[in-house]
Amino acid sequence: MSDRASIQKPDFMSDEDWATLQDQTSSVDRIRSDGKADVEAYLADPAGRSTGGGPSGLPTLLLTAVGRKSGAKRTVALVFMQHGNEMVVVGSLAGYDTHPAWCHNVSANPECWVQLDDRKMKAVARNASDAERKDLWPKLDTMFPVWSHFQKQTDRPFPIVILTPA
C-alpha cells in the first residue's frame, strides 16, 4: 500500500479513532517506534495485558524471537487471540506491503518465547494451514476488525501465526 492517504475510514470507527489510527500507522518507522514503547510499557506493568487490561484494551502478549540476520533476540508486543492452549497472532503491519520482521524471524527460527502478563514460556511458531486460516480469520476479524480493513489495502496475505507452548 503506497498511498496511505487514500485509505477510507471504516464504518465501525469514529472520526476521532480513525484519525488516531491514521497517525499511529503513518509510517513503518512510526509503527516500529511505538512498538518499542509498547514493549517497555508492557514490561514495566504487565498485569492484565494478556486479557486486554493494557492501554489498547485488547489482549496483548510479548513475543521474543531470534533475529534471522542478527541472531539477537527481538521482542514485540502483539495483539493476540487465545485459541485453546495456543495463541494466534497476525502479521498485519497495518496493511503495508511487507511482512513485519517478527514474521520473518519466526519463519527462520520457530523456537520463540511468549510472555503473558508475568508468565513467560517457550513456544514454537508456525503458520496456520489454509483450513486453519479459514476457521480463524472470522474469529480474528470479530476480535479486531481493523485487521480485515487493513487486509483490504494490500495484496499481501497477512500471516496468521500460531504459537504453541513448548
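No value in this document is a laboratory result; all are computed from the given coordinates. Keep in mind the model is a prediction, meaning the values are calculated, not measured. When we count neighbours, we look across all protein chains shown, and the Cβ atoms used for this are built from the backbone with ideal geometry, even at glycine.
Among N85, N105, N127, whose mean-square fluctuation peaks in a Gaussian network model of the chain (Cα, cutoff 10 Å)?
N85
On a 0 to 90 degree scale, rounded to 10, what angle separates helix 130-143 from the longest Cα axis of the chain?
Between the helix axis and the principal axis of the chain, the angle is about 60 degrees.
Straight-line reach from K9: which lysines have a Cα under 22 Å away, not including same-chain ones fewer than 8 places off?
K139, K152
On a straight-distance basis, which lysines could pair with K120 in a cross-link, Cα separation under 20 angstrom, same-chain partners fewer than 8 positions away excluded?
K36, K73
Averaged over every viewing direction, what's the projected area of the C-alpha convex hull for the chain? Give it in nm², one decimal, please. It would help to have the intermediate numbers written out before the result.
Numbers: hull surface 38.1 nm².
About 9.5 nm², averaged over all directions.
Before rounding to the nearest 500, sum -39500 (n - 2.57) across all DSSP H runs of length at least 4 in the chain and divide by the residue total; then give [θ] at 222 nm in deg cm²/dmol. Could you put the intermediate results ahead of the total?
Working: 5 runs with 55 residues, N = 166.
Calculated mean residue ellipticity at 222 nm is -10000 deg cm²/dmol.
Using 0.36 nm per residue of separation minus the Cα-Cα distance, give me the extension gain between A166 and A47 in nm, one decimal.
Taking A166 through A47 to full extension adds about 40.6 nm, to one decimal.
At 7 Å along the Cα-to-beta-carbon direction for both R32 and V124, put a label point, then send me their distance in nm to one decimal.
In this crude label model, R32 to V124 measures out at 3.1 nm.
Cα centroid distance between the stretch 62-79 and the stretch 97-166, in Å?
Comparing the Cα centres of the stretch 62-79 and the stretch 97-166, I get a distance of 13 Å.
Name the trypsin sites (Lys or Arg not before Pro) in the stretch 54-113 that are in a loop by DSSP and that have at most 13 other C-beta atoms within 10 Å, would you? Write out the running numbers ahead of the final one.
Details: sites: R68, K69, K73, R74; in loops: R68, K69.
Counting only loop positions with at most 13 other Cβ atoms within 10 Å, the trypsin sites (Lys or Arg not before Pro) in the stretch 54-113 are K69.
Evaluate the Debye formula for the stretch 46-132 with equal point scatterers sitting on the alpha carbons, no solvent, and hand back log10 of I(q)/I(0) at q = 0.18, 0.25 Å⁻¹, in q order, two decimals.
Listed by q, the Debye log ratios stand at -0.81, -1.39.
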